[in-house]
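Step one of this worksheet: look at the structure below.
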Amino acid sequence: MTDSIMSKAATMEIPINSNGDTGTLPEDDSLEQAAKLQWSLDEKDLQQVMVSGPNLNETSIVSGGYGGTAEGIIPTSSMKGPAVRYNAEFNKRIPVTGLGSNMHHSSSSSSMSAEEATRGVAVEKLETMKKWGLNTYKCTKQMISERFGRGSRTVDLELEAQIEVLRDTKRKYENVLRLARALTNHFYNMVQTQHALGDTFADLSQKSPELRDEFGYNAETQKLLCKNGETLLGAINFFVSSINTLVNKTMEDTLMTIKMYENARLEYDAYRSDLEELSLGPRDAVAMARIEAAQQQYQTQKDKYERLRSDVIIKLKFLEENKVKVMHKQLLLFHNAISAYFAGNQQQLEQTLKQFNIKLRPPGADKPSWLEEQ
């Protein structure tokens, strides 16, 4: 009997009269307080629920009922805001997790755009690798055919003769550069030895009164030789620097263009041979499309080959003129400086350096200053 009354009290509706007051129930006062607590919502919290967040279908309100915890569901289809769970016992709002349709749509669209961008980059890389592989295959096939004498190659006898002369000249100039550097190193060591020997003679002239004059003459001679040697070293260093620029920069730049020209020649012959093979085959629709594509590729390679050939001819011409001008000046400098030094003509040696605008660096000039080291 008591259980049925409690169950009935927990589920029954609370009657409200015309004045808005709840009617009296014959049950316990705690049941009445629990019912009042269940349906009493703070007006401020209710306004926050109605104003905040996206649409919700329902909001759960939790209250402590008689004999345990019970939940009431209030439909809130007209309310806007995030899902909120009310705990009547502590009068708090607890947000319920959920995602709006706009956020879901934006995230899905951004992921789709990122996927499309990644796919586009992958397709582009694949096309590049495909073209590179096809070009490498054709060039390798052409190279093997030329080595075994089965394929034909484009030959410019005059240009190839000039290229061979340039390579031979570069090898000889590299040998001159190597020997000039060796001469510079040996002569530098000799000058340093003369400098040390002059200091030793000067010291002995102070400590040996009976040989003061003899040691003094030799000290002065070694110092003079050391000074002239440093002047000659300046001329030789200038000679070495100019030869190095000519060999390792000017000639090397021309040889790089020649290498590009030779690669273009190989590609041109490879696509030319491919076009000739297709031209000898059948003439159906598929074959004609392939022939047309091969013709376009052949024309592109031909234009590239002719352009680089023209560049090589121009660079060879300017290189020859520059080489003659540079070597004429440097050989004259080398001859005059060496002759003046070994003839003991100090004035002629200094005049030679002034003639070629060579300025000697003072001792220790190669070392950076303390400000540059900071």
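The values are calculated or read from the model by the stated rules, or taken from the named source; none is laboratory data. Please read all numbers here as calculations on a predicted model, not as lab measurements. No Cβ is skipped: glycine too gets one built from the backbone with ideal geometry, and neighbour counts run over all protein chains shown. What goes into the accessible areas is simple: the full protein's heavy atoms, side chains included, and nothing from ligands, DNA or RNA. Shrake-Rupley method; radii C 1.70, N 1.55, O 1.52, S 1.80 Å.
Would you say residue 160 is under 30 Å from residue 252 (Cα atoms), at pLDDT below 95 and open to solvent by less than 80 Å² (accessible area, probe 1.4 Å)? Taking the combined requirement at face value, the residue satisfies it. Among the residues of region 166-187, those that are of a type in the set (D, E, K, R) and in contact (Cβ under 8 Å) with a residue 60 or more places away in the chain comprise 167, 170, 174.
Condition check for residue 312 on (1) under 38 Å from the mean Cα position of the chain (by Cα); (2) free of Cβ contacts under 8 Å to residues at least 60 places away in the same chain; (3) surrounded by 12 or more Cβ atoms within 10 Å (Cβ to Cβ): one failure, at (2). The residues of region 247-274 that are without any contact (Cβ under 8 Å) to a residue 60 or more places away in the chain and open to solvent by less than 20 Å² (accessible area, probe 1.4 Å), listed by number, are 257, 261, 264.
Assess whether residue 293 counts as being open to solvent by less than 30 Å² (accessible area, probe 1.4 Å) and either of a type in the set (A, V, I, L, M) or assigned to a helix (DSSP H, G or I) (or both).
On the way: open to solvent by less than 30 Å² (accessible area, probe 1.4 Å): no; either of a type in the set (A, V, I, L, M) or assigned to a helix (DSSP H, G or I) (or both): yes.
Judged against the criteria, residue 293 is not a match.
When each of 244, 322 is tested for being open to solvent by less than 60 Å² (accessible area, probe 1.4 Å), over 33 Å from the mean Cα position of the chain (by Cα) and at pLDDT 90 or above, the lone residue that passes is 322. The one condition from (1) under 29 Å from residue 227 (Cβ atoms); (2) in contact with a helix residue (DSSP H, G or I) (Cβ under 7 Å, 6 or more places away or on another chain); (3) part of a helix (DSSP H, G or I) that residue 265 does not meet is (1).
Just one of 259, 223, 302 is more than 30 Å from residue 166 (Cβ to Cβ) and in a helix (DSSP H, G or I); which is it? Spell out how you get there, then give the answer.
Numbers: 259 fails: more than 30 Å from residue 166 (Cβ to Cβ); 302 fails: more than 30 Å from residue 166 (Cβ to Cβ).
Every option except 223 fails the conditions.
What pairs come out if I take residues in region 340-364 that are within 13 Å of residue 233 (Cα to Cα) and pair them with residues that are open to solvent by 80 Å² or more (accessible area, probe 1.4 Å) and at pLDDT 85 or above whose C-beta lies under 7 Å away, six or more apart or interchain? Filtered contacts from region 340-364: 340/348; 360/230.
Can you spot a residue in region 136-150 that is farther than 30 Å from residue 272 by Cα and either modelled with pLDDT under 50 or surrounded by 10 or more Cβ atoms within 10 Å (Cβ to Cβ) (or both)? For region 136-150, residues farther than 30 Å from residue 272 by Cα and either modelled with pLDDT under 50 or surrounded by 10 or more Cβ atoms within 10 Å (Cβ to Cβ) (or both): absent.
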